[in-house]
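Below is one structure; the comments refer to it alone.
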Amino acid sequence: KLLQIQNMAATGQSTTSGSTFVDTHLTDTITCSATSSKVLVFASFSHRTDNSNGNAIVTVERDIGGTAATLHSGSLGFAHTYETNYTHTSFMALDSPSSTAEITYTIQLKSDNASANVYVGRTNSEDQLFLFEIGA
């Protein structure tokens with residue numbers, strides 16, 4: 001059962017050449033009505049690298065009261081590209097936060113090559129982040 005939807009939309013660009021995840025401009029919060037609720041995260045954005053020898057890697061971070069966790073387990077995150085032209089990316093992730101506190105979800109970005117600048121978002125297009133609370 002769909003209990004609530006939170007949505008944010010933004011234009012802008014986030015960039016890094018670092019090998020650790022950094023926050024992008026795509027972030028939103030949700031407060032679940034029950035600890036048994038799940039959160040379906042849906043992200044839609046453009047991303048690219050400026051060097052085809054490096055991947056632009058994205059993931060989702062969940063933060064509850066200052067305790068953060070990354071939702072993926074693979075080295076290439078939820079999505080990646082080695083394209084130097086912008087690639088439109090959409091993905092979903094299902095989370096079981098087991099909390100009724102405010103939860104912040106943030107799309108994060110990193111590069112797997114220090115000589116490659118990587119980007120999420122464009123200044124002339126809109127990126128979106130949806131958070132759906134799913135109940136039993």
Worksheet, complete the sentence: Scanning segment 27-74 for residues that are farther than 23 Å from residue 9 by Cα and of a type in the set (D, E, K, R) gives 50
Worksheet item: Which condition does residue 7 not pass, out of (1) surrounded by fewer than 12 Cβ atoms within 10 Å (Cβ to Cβ); (2) in contact with a Lys or Arg (Cβ under 6 Å, 6 or more places away or on another chain), if it passes all the others?
Response: (2)
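Within segment 17-39, restricting attention to residues that are assigned to a strand (DSSP E or B) and open to solvent by 20 Å² or more (accessible area, probe 1.4 Å), which residue is farthest from residue 89 (Cα to Cα)? First the steps, then the outcome.
So the first thing to find is which residues in segment 17-39 are assigned to a strand (DSSP E or B), and the list is 22-31, 38-39.
Imposing the further condition that a residue be open to solvent by 20 Å² or more (accessible area, probe 1.4 Å) reduces the set to 22-23, 25, 27-29, 31, 38.
Numbers: 22: 18, 23: 17, 25: 15, 27: 16, 28: 18, 29: 21, 31: 26, 38: 23 Å.
My answer is 31.
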Fill in: Some residue of segment 50-67 being under 16 Å from residue 6 (Cβ atoms), among the aliphatic types (A, V, I, L, M) and either touching a Pro at 6+ places or on another chain (Cβ under 6 Å) or in a strand (DSSP E or B) (or both)
yes
Item to complete: Starting from residues that are under 17 Å from residue 16 (Cβ atoms) and in a strand (DSSP E or B), keep the ones in segment 69-86 and report whichever is farthest from the chain's Cα centre (by Cα).
Response: 81
Fill in: Residues satisfying the stated conditions in segment 116-129, i.e. open to solvent by 50 Å² or more (accessible area, probe 1.4 Å) and either of a type in the set (Lys, Arg) or out of contact with any Gly (no Cβ under 7 Å at 6 or more places or on another chain) (or both)
117, 122, 124, 126
Worksheet item: Got at least one residue in segment 4-14 being more than 10 Å from the chain's Cα centre (by Cα), at pLDDT below 95 and closer than 25 Å to residue 133 by Cα?
Response: yes
Worksheet, complete the sentence: The one condition residue 104 fails out of (1) polar (S, T, N, Q); (2) assigned to a strand (DSSP E or B); (3) exposed (fewer than 15 other Cβ atoms within 10 Å of the Cβ); (4) modelled with pLDDT of 95 or more is (3)
Practice prompt. State whether the residues of segment 40-57 include one that is without any contact (Cβ under 8 Å) to a residue 40 or more places away in the chain and open to solvent by 20 Å² or more (accessible area, probe 1.4 Å).
Written response: yes
Discussion item. Could you check segment 58-93 and list, in sequence order, the residues that are open to solvent by less than 60 Å² (accessible area, probe 1.4 Å) and among the hydroxyl-bearing types (Ser, Thr, Tyr)?
Written reply: 59, 81, 87, 89
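The values are calculated or read from the model by the stated rules, or taken from the named source; none is laboratory data. Because the structure is a prediction, the values reported are computed rather than measured. A quick note on method: Cβ atoms are made from the backbone with ideal geometry, for glycine too, and the neighbour counts reach across all protein chains shown. Note: areas computed on protein heavy atoms with side chains; ligands, DNA, RNA excluded. Shrake-Rupley method; radii C 1.70, N 1.55, O 1.52, S 1.80 Å.
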